[in-house]
Each structure stands twice: as C-alpha cells, then as structure tokens.
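Student: One structure follows; several queries about it will come next.
The values are calculated or read from the model by the stated rules, or taken from the named source; none is laboratory data. Here the structure is a predicted model, which means the values were calculated and not measured. Here Cβ is always computed from backbone atoms with ideal geometry, including for glycine, and neighbour counts include all displayed protein chains.
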Amino acid sequence: MSWFSDLFGKHTKDDAKQRLEVMLIHDRGLFDNADLEQMEKEILAVVKRYADIETGAAEINADRLENGRLLLSIRVPVSGQKTRR
Amino acid sequence: MAGQCVVVTSGKGGVGKTTITANVGYGLASLGKRVLLIDGDIGLKNLDSVLGLERRVVYDLFDVISGRVDLKDALVKDKRLPENLFLLAASQTHFKEDVPEDKFSTVVAQAKEMFEYVFVDSPAGIEHGFRISSRFADRAVVVTVPEVPSIRDVDRVVGLLENYKVKIDGVVINRLNQSLVKQGNMLSPDDILDLLEIPLLGVVPDDTLIVQAVNQGEPLLSKYPSSPVAHAYLNIAHKLLDPDYVAQEVKKPKSFWSIFGFLRGEG
Ligand SMILES: Nc1ncnc2c1ncn2[C@@H]1O[C@H](COP(=O)(O)OP(=O)(O)OP(=O)(O)O)[C@@H](O)[C@H]1O
Ligand SMILES: [Mg+2]
C-alpha cells in the first residue's frame, strides 16, 4: 500500500467490519469450518447423481446479510448433465 | 422492595466497565434511585478509588460472605448522594476463586431487598469472576470500544449471558473518536450495531476529562456535570430506566476557538 492510498484512499474500518463479520459467524458456532466442509461433501454427493461436476471448483460460503441473517450460498460449476438411462 | 441486579461486563479488559459502573450508577442515584455498586473485581480494587471513597472503606465483600459483618454494615455511603448511592468494596486479600457462587448469590439477593438498582462491576475475562458477577444478574450492560478484539469479545459474552438467561439491556460503545469515524478509520456505532445483534444503550466519547476526574477522586458526572461525557453517562442512566428514552444530543461546549470559527463564518 503506497503512502498515497494510505493518506487518501484507505478506510481501515471497512477491513475491520469485514473481518468481524467472518469472525462472528465462526465464533457464534453457526458453522465451523469442519461443518461447512462436511456439508459441502454431502451436497456435492447429491448433485453428482444428476450432473457431472468439477468437484474442485465447488464453493460453499456463509455470509451475513444486512438484516443480520445468514446467507448460505453454494456454487457448483456443472460440466454436463448425467445421461438418463 | 425487590430491586434489579445489573451486571456491567465486557470480556476484554480495560474498556471502561468500572468508569461506566461508577458514572451510570451515580447518574441513576442523582435521578433519585437507590443504588448499590458492588465491586466484583475481587483481588483488585477499583471502584472505590474511581468514586473517591477509598479512605472510607472498612469492610468488603469478603467480610460479608464470611459472615463477619452484615451487608448493611459493610456498605460505604457516598456523601455526595447520601440517601441514594452506596458501595460494597472488593477485597484485596482474596482471589476471585475464593468466592463461592451460592454465597455471592445470597449477597445479591439481600442487596436487591435494600436497593432499586444493584450494579455489579464485573472483572475482565469469562472465568469464575465473570460467572459469579453475571449469573445472578437480572440484566446486563455490555461495554465495548470500537475495535475488533473488543467487539468480538462482547459478542462472545452476549452468548454466555444468554445462556445464563440474563436480559441484555444493550451495549455501551466507549471511547468513540468522532474524527476517526469521519475519516473512515474507526467503526461507527451503526457499524457496530450491524455486527452485534443487541440494542444500543449509549455512546461515550473518548475524553481526557475522565482521567482528570479519576485523578481527583470524583465521578466525572459530579465533577464535570456539563461536559459532553457527563451527558453521555446520564443518557445511559435514563435509557436504563426507560428503553424508549431518546438520547439527548450531546452539546459541544463553546470553546475559545469556536468563537473565531464564528467570526470566520463557520459558526
Ligand atoms: N471514554 C473514555 N475516554 C478516555 N478514557 C477512558 C474512557 N473510558 C475509560 N477510560 C480510561 O480507560 C482506562 C480503563 O477504564 P476502566 O478501568 O473503567 O476499564 P475496565 O473495563 O473496568 O478495566 P478492567 O477490565 O481492568 O476492570 C482508565 O484509565 C479510564 O480512565
Ligand atoms: Mg474494572
């Protein structure tokens, strides 16, 4: 970070807020990392029955919404549909 | 009379619990309520010197717990508000672990018979000292400064208080620096309220007057009653009495320089 952006551009409170959002989700024990991983595995197992997926590219995220609720989002890139027999 | 026990707690140390207990307690007493302040930081003594009562302490919490004196004989009367404000001091010769939960609970119950508000100034941390200070409280005031570790600790403490079924009156945001907030380099009260899911009780500005009041052994509220910080403490006292109370704007004192500002047309 240059002195220029230190002086003019940087709002460190945004960092503080973003970091706290993540910390509080974990601290509140809503989902810890192990839970999230296990959930991802189970969800992918279901999706795999219907579609060909790139397992490594799947992503699961927990974010806090404006109203304080939690938003779970899952991204699963699909490479093709499973052929029906 | 069945009063209410209010614990003032924070998780993190040094964020302003003792100063807030002294001044908000003083504020409620000045509004005509009968108030007892219990120093729950056993092993250390703080509340007595912030109130300037250190020389009048004869007995402490431990003398009451051990049955050496009755609660009413261990109380120190604050002569500035003699009918309304009392202190039960902490002991320096014992550790927090020496206080059994059931004994502390008995003291709180007796105190609630005698006072409308019984404040417990909790020690930092979430161990035994925090637990005895909080478990028997009806309500809680949590204190944070606008910094990441302190906010994180408060969130954790709120979870523990909920487990104890203590009603959370709200958070006091202490040591706010308005110009840092304007710069975008300090979390604003709104940011903090977005993160913590509890109501706001009040915002106390960062102010060196607090140090000066402590130096002189007077609660800021009695020493500098027209300062912005005093207004902030008094607003919190009002808000504890009535959650719908709308905080009065903290007036900026007219300084020497603001007169020049006026002359320059900034006024
Ligand atoms: N609004 C404020 N502005 C400036 N200084 C403050 C403010 N509030 C508290 N302080 C100072 O911060 C220090 C810590 O305050 P205090 O003792 O009330 O915190 P505490 O939470 O009780 O600490 P502990 O966890 O050790 O019990 C003191 O020196 C006090 O004078
Ligand atoms: Mg203290």
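Student: Taking the stated definitions as given, is B:Ile173 within 19 Å of B:Ala90 (Cβ to Cβ) and within 14 Å of another protein chain (Cβ to nearest Cβ)? Outline the logic, then answer.
Tutor: Working: within 19 Å of B:Ala90 (Cβ to Cβ): no; within 14 Å of another protein chain (Cβ to nearest Cβ): yes.
The answer is no for B:Ile173.
Student: Is there any pair linking a residue in the stretch B:38-49 that is more than 14 Å from chain A (Cβ to nearest Cβ) to one that is of a type in the set (D, E, K, R) and near ligand 2 (Cβ under 8 Å from one of its atoms), with Cβ under 8 Å and at least six apart or on different chains, and which?
Tutor: Pairs found: B:Ile38/B:Asp121; B:Asp39/B:Asp121; B:Gly40/B:Asp121; B:Asp41/B:Asp121; B:Asn46/B:Asp121; B:Leu47/B:Asp41; B:Leu47/B:Asp121.
Student: Still on this model: For the stretch B:189-198, give me each residue that is more than 7 Å from every other protein chain (Cβ to nearest Cβ) and surrounded by 15 or more Cβ atoms within 10 Å (Cβ to Cβ).
Tutor: B:Pro189, B:Ile192, B:Leu193, B:Asp194, B:Leu196, B:Ile198
Student: Could you tell me whether any residue of the stretch B:92-110 is within 25 Å of B:Leu53 (Cβ to Cβ), within 15 Å of ligand 1 (Cβ to nearest atom) and out of contact with any Gly (no Cβ under 6 Å at 6 or more places or on another chain)?
Tutor: The answer is yes; a qualifying residue exists.
Student: When you go through B:Gly25, B:Gly11, B:Gly32, B:Gly3 one by one, which is the residue that is more than 14 Å from chain A (Cβ to nearest Cβ) and within 16 Å of ligand 2 (Cβ to nearest atom)?
Tutor: Values: B:Gly11 fails: more than 14 Å from chain A (Cβ to nearest Cβ); B:Gly32 fails: within 16 Å of ligand 2 (Cβ to nearest atom); B:Gly3 fails: within 16 Å of ligand 2 (Cβ to nearest atom).
The unique qualifying residue is B:Gly25.
Student: Something else now. Of everything in the stretch B:72-105, what is closer than 15 Å to B:Gly40 by Cβ and in a helix (DSSP H, G or I)? Give them in sequence order.
Tutor: B:Ala74, B:Lys96, B:Glu97, B:Asp98, B:Glu101, B:Lys103, B:Phe104, B:Ser105
Student: List the residue pairs whose Cβ atoms are under 8 Å apart, where the first residue sits in the stretch A:27-38 and is away from chain B (no Cβ under 14 Å), the second is modelled with pLDDT of 75 or more, and the two are 6 or more positions apart or on different chains.
Tutor: Pairs found: A:Phe31/A:Ile25; A:Phe31/A:Met39; A:Asp32/A:His26; A:Asn33/A:His26; A:Leu36/A:Ile60.
Student: Which condition does B:Pro225 not pass, out of (1) within 23 Å of B:Gln248 (Cβ to Cβ); (2) outside any helix (DSSP H, G or I); (3) within 14 Å of chain A (Cβ to nearest Cβ), if it passes all the others?
Tutor: Single failed check for B:Pro225: (3).
Student: Considering B:Asp70, B:Asp60, B:Asp48, which residue is among the acidic types (Asp, Glu), away from ligand 1 (no atom under 16 Å from the Cβ), buried (at least 22 other Cβ atoms within 10 Å of the Cβ) and at pLDDT 95 or above?
Tutor: B:Asp60
Student: Mind checking which residues of the stretch B:162-188 are out of contact with any helix residue (DSSP H, G or I) (no Cβ under 7 Å at 6 or more places or on another chain), surrounded by fewer than 17 Cβ atoms within 10 Å (Cβ to Cβ) and closer than 29 Å to B:Arg135 by Cβ?
Tutor: Residues satisfying the conditions are B:Glu162, B:Asn163, B:Lys165, B:Lys167.
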